[in-house]
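Asks: Submitted below is the structure of interest, expressed as structure tokens.
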Amino acid sequence: MGMTMTQKILAAHAGLPEVHAGDLIEAKLDIVLGNDVTTPVAIGVFEKAGFTEVFDNERIVIALDHYTPCKDIKSAELCVTAREFAKKHNIKHLYDVGTVGIEHALLPEQGIVGPGDCIIGADSHTCTYGALGAFSTGVGSTDMAAGMASGLNWFRVPSAIKVELKGKLQPYVSGKDVILHLIGMIGVDGALYQSLEFTGEGVSELSMDDRFTISNMAIEAGGKNGIFPVDDKTMEYIKGRFGREPAVYEADEDAEYERVVTIDLSTLEPTVSLPHLPSNTRTVREAAGMPIQQVVIGSCTNGRMSDMRVAASILSGHKVADGVRCIVIPATQEIYLECLKEGILETFVKAGCAVSAPTCGPCLGGHMGVMADGERAVATTNRNFVGRMGHTGSEVILASPAVAAASAIAGCVAAPEA
């Protein structure tokens, strides 16, 4: 029996001719990632275990993105711990205030990750890099500590679900709608510890930003990772960014999949996930009119340049509805600067939005948009669990940037006008 794309990457990094679902392997790591919340915990484990050196100071990335610029004394102390560790071990990739971006937008942008890589990160949305044809997955801080010391990690090889995409997206339908639709189909545990492998003619119709969004939310279906084939769009994206030689893997024709899910992109409509699970999906037509008090446009899921552009195109010439707060967060400094150059920041400010420096901020109820009891937000983030963005009595509706911008103008859940 042949191997899936994920299995081929894991076999290569384990130095094995082949692996099969359920195998326990030790694999070499290309990148180990942590943030300001998880890295200090990993540092504690690292030092308690008696480690004195990292395996490679160029293959560890620390992005201080969750609570920065620091919101309180505790977050400031966490960042100090990470900074001192980075200085002690001469970590080349430390991203701090002024250079930091939301980690899962930052690493692809900076060319740190690429096709064929094996990546672990102490953040659940590390699966984002599957958009580049890499195996990437979230781990705990203990695994991060071991990875920083040894450059190795144990994995149980996942089985896979093939997601066949066909057709072409309609206007104002994006990768966010695709992944919300899929999670609605299979549930939040529908791909538990499995690889979601995206294939089919429809892949070529998706932009890289669409693919990043889809891979990012593979974890919301329980997936170990999400992964796309490497094609011309992938290679064009990494050109001039990725300094290492990319390794391109393809699934065997006789690769074994647990199931096959087919999605016709041309039939999809703007979609939202209602509280309190990403699988609680409705079309915007079905959810239209639900009143809101806040809109958040940003996050590691939808804070990229194309997201900023589509939101600005809808908000241009309009005003955010009375009683609604619209918070816009470009995901990286480069995206922020490009928004400035293109006049997009001016569009947001004139529309009545608050524009933040790059941060995870409100996505995890951190800061820059925490909600009170009884408030409801439309957000381009990835999770809408109880209390995710503040008070346990608040609610989050997941949506695309287009839907979020249209909702900010309407003051309720609304579809963008084509």
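Asks: I'd like the full set of residues that are buried (at least 23 other Cβ atoms within 10 Å of the Cβ) and among the hydroxyl-bearing types (Ser, Thr, Tyr), limited to the range 358-393.
Replies: The answer is Thr359, Thr380, Thr381.
Asks: Let me ask something else. Could you tell me how many of the residues in the range 394-410 are open to solvent by less than 20 Å² (accessible area, probe 1.4 Å) and either of a type in the set (Lys, Arg) or not in a strand (DSSP E or B) (or both)?
Replies: Number of matching residues: 11.
Asks: Also: Any idea which of Glu269, Glu250 is of a type in the set (Asp, Glu), open to solvent by 30 Å² or more (accessible area, probe 1.4 Å) and in contact with a strand residue (DSSP E or B) (Cβ under 8 Å, 6 or more places away or on another chain)?
Replies: It is Glu269.
Asks: For residues that are open to solvent by less than 60 Å² (accessible area, probe 1.4 Å) and of a type in the set (Phe, Trp, Tyr), scanning just the range 39-84, find the one that is modelled with the lowest pLDDT.
Replies: Looking at the filtered set, the residue picked out is Tyr67.
Asks: Related question: Looking at (1) part of a loop (DSSP other than H, G, I, E, B); (2) modelled with pLDDT of 95 or more; (3) of a type in the set (Asp, Glu), which one does Glu245 not meet, given that it meets all the others?
Replies: Answer for Glu245: the failing condition is (2).
Asks: Additional query: Could you say which residue among Val163, Val188 is at pLDDT 95 or above and within 21 Å of the chain's Cα centre (by Cα)?
Replies: One residue alone meets the criteria, Val163.
Asks: I'm told Arg282 meets every condition in (1) over 21 Å from the mean Cα position of the chain (by Cα); (2) touching a residue at least 40 places away in the same chain (Cβ under 8 Å); (3) open to solvent by 10 Å² or more (accessible area, probe 1.4 Å) except one. Can you identify the failing condition by its number?
Replies: Arg282 satisfies all of (1) over 21 Å from the mean Cα position of the chain (by Cα); (2) touching a residue at least 40 places away in the same chain (Cβ under 8 Å); (3) open to solvent by 10 Å² or more (accessible area, probe 1.4 Å) except (2).
Asks: While we're here: Name the residues in the range 153-192 that are open to solvent by 60 Å² or more (accessible area, probe 1.4 Å), within 24 Å of Val139 (Cβ to Cβ) and either in a loop (DSSP other than H, G, I, E, B) or without any contact (Cβ under 8 Å) to a residue 60 or more places away in the chain (or both), would you?
Replies: Across the range 153-192, the qualifying residues are Asp189, Leu192.
Asks: Just the residues that are of a type in the set (A, V, I, L, M) and either farther than 16 Å from Glu256 by Cα or without any contact (Cβ under 8 Å) to a residue 24 or more places away in the chain (or both), please, taken from the range 1-25.
Replies: If the condition is that a residue be of a type in the set (A, V, I, L, M) and either farther than 16 Å from Glu256 by Cα or without any contact (Cβ under 8 Å) to a residue 24 or more places away in the chain (or both), then Ala11, Ala12, Ala14, Leu16, Leu24, Ile25 are the ones that fit.
Asks: Still on this model: Only residues in the range 128-148 that are farther than 16 Å from Glu26 by Cα count as the first member; pair them with residues that are of a type in the set (Asp, Glu) and open to solvent by less than 20 Å² (accessible area, probe 1.4 Å), Cβ under 6 angstrom, at least 6 apart or cross-chain, and list the lot.
Replies: Every condition considered, the pairs that remain are Ala134/Asp117.
The values are calculated or read from the model by the stated rules, or taken from the named source; none is laboratory data. As the structure is a computational prediction, the values presented were derived from the model and not from experiment. Glycine also receives a Cβ, built like all others from the backbone with ideal geometry; neighbour counts cover every protein chain displayed. Accessible surface areas use protein heavy atoms only, side chains included; no ligands, DNA or RNA. Shrake-Rupley method; radii C 1.70, N 1.55, O 1.52, S 1.80 Å.
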